[in-house]
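Data first, discussion second: the structure below is written as structure tokens.
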Amino acid sequence: LASGQIIAYQRALFRDLCLAYPGIAGLRVDWPEYPPYELDSIFMDFSSHAERAAERLGYSFAEIRGDAQQLYDWLHGGLTAADLDRCASAPESWPALVRQRFPALEAGLALKTALVEELLVGFRATLDEVGGDLRLWATSFPPPWSLVSGLDPARAARHVDALSVKLYGMHWSMMIRNYGEQLLRANPGLSSRSVAAALFGLLDVGQEPPSGDLSQVRYPDPDQPHLGSREVHLRKIKQAQDAAGDCPVIPLAHSYGPL
């Protein structure tokens with residue numbers, strides 16, 4: 001997201017689409033953020049582009065990179081059963097715990113948020129250049145994933161006409177499975193049940209499988225419900241809408257599962 005060439009390409013694509021389809025009302029941008037599909041992708045972005053952006057925005061890239069590496073090392077060999085129990089029993093305390101242990105991560109998250117906002121500012125400016133009162137609609141991961149994806153609904157709402165949170169429960173199950181399997185490989189002393197309980201609590205996606213085992217968390221068949229109850233969905237929508245203020249938040253869901 002910090003690459004000047006990629007941003008220039010995206011803005012050129014915006015202009016081209018608007019000129020090619022003059023009747024459109026606007027454009028919807030899918031995931032203008034760092035999608036945290038895999039555990040490793042949560043640790044993006046440490047490219048040379050991001051380093052230059054950090055210097056321009058006044059962040060210490062070396063400190064951010066150092067604390068990010070320490071967090072990665074802790075997750076890959078330093079996790080204990082007590083850590084997981086705390087995460088499962090009091091997931092709301094987990095972000096504060098991580099920030100306390102690795103203080104430069106606060107700046108790392110702020111850098112991501114700034115890069116995402118700059119991207120949206122550029123998209124908005126491009127549509128304004130083309131003219132015609134075109135609308136901009138951005139879709140993103142719901143809380144708490146949005147904390148690490150860089151798309152802060154409050155900041156994004158300044159530049160878009162609508163936001164969406166994606167309630168894609170089949171994605172959630174695969175993301176939890178991916179995170180969990182990686183953590184188990186890196187911390188062989190932990191149990192699958194404790195890892196699953198911690199991830200389900202931290203990410204607020206509903207109840208873990210009756211067996212409590214991570215192996216039962218998988219991509220659902222068409223006749224199986226996706227992760228996330230109605231209550232879970234309402235919480236995530238409300239969290240995003242409260243942050244976005246007057247900017248409408250439009251929830252999106254896949255429809256191939258049962259009603």
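Miscellaneous remarks
- The chain - mean residue ellipticity at 222 nm from DSSP helices (-39,500 (n - 2.57) per run, n ≥ 4, rounded to 500): -16500 deg cm²/dmol
- Here the chain is assigned +1 on the Cβ of each Lys and Arg and -1 on the Cβ of each Asp and Glu. Its dipole about the Cα centre then comes out at about 140 debye.
- Dividing the convex hull volume of the alpha-carbon atoms in segment 76-153 by its residue count gives 104 Å³ per residue.
- If you plug the beta carbon distance of residue 121 and residue 40 into 1/(1 + (r/R0)^6) with R0 = 30 Å, you get a FRET efficiency near 0.60.
- Against the chain, whose longest principal axis comes from its Cα atoms, helix 105-130 is set at around 30 degrees.
- Diffusion constant of segment 141-259 at 4 °C, which comes from Stokes-Einstein with the Kirkwood Cα-pair radius and 1.567 mPa s, µm²/s: 85 µm²/s
- Sorting 33, 55, 231, 208 by accessible area puts them as 55, 231, 208, 33; the probe is 1.4 Å, largest comes first, and only protein heavy atoms count.
- Binning the alpha carbon pair distances of segment 52-182 at 5 angstrom intervals from zero yields the distribution 2, 9, 14, 17, 18, 16, 12, 6, 3, 2, 1, 0, expressed in whole percent.
- Extension gain (nm, one decimal) between residue 47 and residue 62, 0.36 nm per residue minus Cα-Cα: 4.2 nm
- For the pair residue 100 and residue 191, the difference between a 0.36 nm per residue extended length and the Cα-Cα distance amounts to 30.2 nm.
- Accessible area, probe 1.4 Å, largest first, for residues 72, 179: 72, 179
- Compactness index (Cα Rg / 2.2 N^0.38 Å), segment 128-203: 1.54
- Helix 192-203 axis, angle to the chain major axis (alpha carbon atoms, nearest 10°): 30 degrees
- Extension gain from residue 82 to residue 221, taking 0.36 nm per residue of separation minus the Cα-Cα distance: 46.6 nm
- Residue among 124, 185, 65 with the largest mean-square fluctuation in a Gaussian network model of the chain, springs linking Cα atoms under 10 Å: 185
- With q set to 0.12, 0.14, 0.16, 0.17 Å⁻¹, the log10 of I(q)/I(0) for the chain, from the Debye formula over equal scatterers at the Cα positions, is -0.79, -1.04, -1.28, -1.38.
- Solvent exposure of the chain, expressed per residue, is 50 Å² of accessible area, with all protein chains present and a 1.4 angstrom probe.
- When a 1.4 Å probe is rolled over the protein heavy atoms, the share of accessible surface on the chain that falls to carbon and sulfur comes to 55 percent.
- Per-residue 3J(HN,Hα) values for segment 40-57, derived from phi via the Karplus relation 6.51 cos²θ - 1.76 cosθ + 1.60 with θ = phi - 60°, read 5, 5, 5, 8, 6, 9, 10, 6, 5, 5, 5, 4, 5, 5, 4, 4, 5, 8 Hz in sequence order (x marks Gly and Pro).
- Along the axis of the charge dipole computed for the chain (Cβ charges of +1 for Lys and Arg, -1 for Asp and Glu, origin at the Cα centre), the listed residues 216, 173, 257 are led at the positive end by 257.
The values are calculated or read from the model by the stated rules, or taken from the named source; none is laboratory data. All values derive from a computational prediction rather than experimental measurement. Ideal geometry is used to build each Cβ from the backbone, glycine not excepted, and the neighbour counts take in all protein chains shown. Keep in mind that these areas ignore ligands, DNA and RNA; they rest on the heavy atoms of the full protein, side chains included. Shrake-Rupley method; radii C 1.70, N 1.55, O 1.52, S 1.80 Å.
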